[in-house]
Each structure stands twice: as C-alpha cells, then as structure tokens.
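The structure appears below as structure tokens.
The values are calculated or read from the model by the stated rules, or taken from the named source; none is laboratory data. Note that the structure is predicted; figures quoted are calculated from it, not measured. Cβ placement follows ideal geometry from the backbone for every residue including glycine, while neighbour counts extend to all protein chains displayed. To get the accessible areas, we keep the full protein, side chains included, count just its heavy atoms, and leave off ligands, DNA and RNA. Shrake-Rupley method; radii C 1.70, N 1.55, O 1.52, S 1.80 Å.
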Amino acid sequence: MDRTEWEFSAGGVVYRKNDEGKLEILLIRVKTRWSFPKGNIEKGEPKDKAALREVKEETGVDAEIISYLGEVDYWYNSGLIRIHKFVYYYLMKYLGGDIVPQKEEIDEAKFHLIEEVDNLLSYPTDKKIFDRAKKELEKLGEI
Ligand code: ATP
C-alpha cells in the first residue's frame, strides 16, 4: 500500500560582497545540481535556528538572518514511500568562516556571482525563492 510521509527542512540564501564589491550567493552542489544549503528541522527546533545550523553544517559558513523568504513544497519518492517535503528559507548575510563542504551530503559549496545563479539553479522552487531573495536585496539597496 502507498504511504505518504512529511518532511520539514530549513535553509538559507546567503549573500556577501566579494573583494571587488560584487554580490555573491552561496550555493551547494549535489552531483550535477546546484541549490541552496538546507536540512532537516529537528524536533522542537525553531525554523530559523535550523536554517542557520544547516548552513553552518553543510558549508562551514557563519551567517545572520536578515528576513524570512517563505516556504516551498515538493514531492519525491523514497522506496515505496511518497514524501511531501516543505522547506522554509531565510535570506542571510555572510558573517565569516571558510567554506568547508560537509563530505557525506554535498559535493561542493561555493559563492557564485549573483548574475550566474539563475542559470545554475535547476529546481523551480529554488528559482522562486531566489526571485524573492533578489527583491529583498533590492529593497535593502544591495542590488
Ligand atoms: P535535506 O537537504 O533537507 O536534509 P535531503 O538531502 O535528504 O534533504 P532533498 O534535497 O530534499 O533531500 O532531496 C530528496 C529528493 O528530492 C532528491 O531526489 C532530490 O533530487 C529531490 N529534490 C531536492 N530538491 C528538490 C526541489 N527543490 N524540487 C524538487 N525535487 C527536489
């Protein structure tokens, strides 16, 4: 019999200015796909704390939350189980820390120039969150 389960993750769109003053966004790569760092919310853990923790664990980067960007949801199969997944995203400003990708889960973590990000993202939900992030960055006068 088919079963459905729910999963809840939180993640971040982390930005920084590079040495030339150009805006960059932190992405992670799993196999061939680039997306934003995220991970499971632990039981009883606040979403914002989970998002900051996962950014740190997956990429080694310390960041601070600037604003909430919204949630997305998608479905995927895990064996016979259908998973309905919800992910809550925050806009975050880079504070410091060298990039150290979490070996078990991701293949690469990298700051990309903001102009390159649209072409790198492949999931529609990521594109939607990135559009919101860009609007926020415009409001903040960062772009
Ligand atoms: P987390 O990063 O939240 O700890 P995970 O690495 O276990 O979770 P996902 O990244 O959600 O899991 O990936 C699970 C499945 O869903 C994979 O098959 C992946 O290709 C797919 N997937 C990942 N992100 C998306 C998305 N934004 N839209 C649709 N499918 C996605």
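Data overview
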{"quantity": "Residue within the stretch 32-42 that is open to solvent by 80 Å² or more (accessible area, probe 1.4 Å) and assigned to a strand (DSSP E or B) present", "calculated": "yes"}
{"quantity": "Residue selected from the stretch 104-125 under the condition more than 13 Å from the chain's Cα centre (by Cα) and within 22 Å of Lys49 (Cα to Cα), by the criterion nearest to the ligand (Cβ to nearest atom)", "calculated": "Glu105"}
{"quantity": "Residue list for the stretch 32-50, filter: among the polar types (S, T, N, Q) and either within 19 Å of Asp73 (Cβ to Cβ) or in contact with a Leu (Cβ under 6 Å, 6 or more places away or on another chain) (or both)", "calculated": "Ser35, Asn40"}
{"quantity": "Residue among Lys56, Lys128 that alone is basic (Lys, Arg), within 10 Å of the ligand (Cβ to nearest atom) and in contact (Cβ under 8 Å) with a residue 12 or more places away in the chain", "calculated": "Lys128"}
{"quantity": "Test for Glu142: is it within 15 Å of the ligand (Cβ to nearest atom) and either more than 23 Å from Glu7 (Cα to Cα) or not in a helix (DSSP H, G or I) (or both)", "calculated": "no"}
{"quantity": "Which listed residue is open to solvent by 40 Å² or more (accessible area, probe 1.4 Å), touching a residue at least 24 places away in the same chain (Cβ under 8 Å) and among the aromatic types (Phe, Trp, Tyr), from Tyr89, Tyr94, Tyr76", "calculated": "Tyr94"}
{"quantity": "Conditions (1) in a strand (DSSP E or B); (2) more than 13 Å from the chain's Cα centre (by Cα): number failed by Leu91", "calculated": "(2)"}
{"quantity": "Residue ID - surrounded by the fewest Cβ atoms within 10 Å (Cβ to Cβ), chosen from residues in the stretch 1-31 that are more than 19 Å from Asp62 (Cα to Cα) and without any contact (Cβ under 8 Å) to a residue 40 or more places away in the chain", "calculated": "Met1"}
